[in-house]
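A short reminder: the numbers here are calculations on the coordinates, not readings from a lab. Everything numeric here is computed off the predicted structure, so don't read it as measured data. Glycine also receives a Cβ, built like all others from the backbone with ideal geometry; neighbour counts cover every protein chain displayed.
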Amino acid sequence: MFLTLRKVRGILLVLLLVGSVVVSLLINRSESVVTQQVSQMPHPKPSIVIVPGGFFDGTSWQHVISLLQQDSYTVTAVQNPLISLPDDIATTKRVIDAQHGPVVVVGHSYGGDVITAAAANNPQVKALIYVSAFAPEPDESISQLNGKYPPPLISTALVTDTADFLYVDRKKFHEVLAQDIPTVKAQVLAATQKHAAKAVFAQAVDSAAWQSIPSWYLVTQGDGVINSELQRFIAKRIGAKTTEIKSSHLSYISHPREVANLIIKAASSAVK
C-alpha cells in the first residue's frame, strides 16, 4: 500500500519533532554534567605569604615552608629591611600584590604588626595568621601593647648597637627565645640574627586588616618575648580562632608541623 504525500510529510514532521526533543535532552544532560563537574572541582589553593619577626629573615621558616610546599602551596617569605615600620609595610604590600589569586598572610612576632597594616583593604587576602604576634589597633604601637602586661624576659636581653638598632645578647638568646631548640641550632640563629631599628617598635600602624579579614592566632605558652597573657588578650580582641601550644617564641622552628597544620587549616577555610 503506497503512502500518500501527506502521510509522508506527517511522518517526517513527527521524526523531526522527536529528534529535536532527543537533541535537547542530550544538550541539557551534557550541560548538567559539565556544571556538576565544575562544582566538584577543588578550589585553587591560596598563596602563602610569611612575614618573619624582628630579628629573623625568611630562611628561619624553612621547615614550615618545605611542609607547605609538599602540600602544593606556593609560599613566599618576605625579607624586610627592619629600618622602619612604614618601609616594612610597603615591602610586604609589594609581595602580597605580586601573588595571583587568593592570599593567606602569616606574621610572627613583629611580623604581625607589619601584616596588620600591609594586608588592610586588600581583597586578595582571605585570612591572617598570627604566630605569637602583635596585632595592634590603628594608631597603636608594639610598645603600647607591651605596656599592658609585665615586661617579658627579652627586656633583659636586648642590646643596642652604635646606630640604635636592637639585637638579642647571644649569651641569653637560647634561654629567652629558643629554650626548646637544640643549643647548636640556637647558636646559629643567634649568630645570624638581624638587627632591628629601635624605632620600629614605637611606630604605630594606621589601619588594621583584622577588623575585616578572618584571623587565626597561635599562642605560645613558654614565650620569653611576648607575654602569653598579652597574646591571649590580642587573640580575643581581634576575634581570632585561637590555638595554644607549649613552645618557645620560635614555635615555627621547634614545632614546624603544628604551625604548618594551622596555616593549612586557615588556608583551607579561607577558600571555601
Requested in this report: Scan around A178 for amide H atoms under 5 Å from its own, H built in the peptide plane at 1.01 Å from N, and keep only partners 5 or more places away or cross-chain.
Outcome: none
Query - For K241, net neighbour charge (Lys/Arg +1, Asp/Glu -1) across residues whose Cβ lies under 15 Å away - result: +4
Report summary line: Per DSSP, the loop-located trypsin sites (Lys or Arg not before Pro) within segment 113-212 having at most 14 other beta carbons within 10 Å are K148
Query raised in the report: So which chymotrypsin sites (Phe, Trp or Tyr not before Pro) in segment 185-224 end up in coil per DSSP with only 14 or fewer other C-beta atoms within 10 Å?
Result: none
Query raised in the report: Quick one: Cα centre-to-centre distance for segment 246-272 and segment 188-209, in angstrom?
Result: 22 Å
Query raised in the report: How much FRET efficiency would the formula 1/(1 + (r/R0)^6) give for H100 and Q203, where r is the Cβ-Cβ distance and R0 is 22 Å, rounded to 0.05?
Result: 0.10
Requested in this report: Could you tell me which of the pairs K236/K272; K45/K93; K45/K241; K148/K236; K45/K236; K172/K194 are separated by over 18 angstrom between their Cα atoms in the structure shown?
Outcome: K236/K272; K45/K93; K45/K241; K45/K236
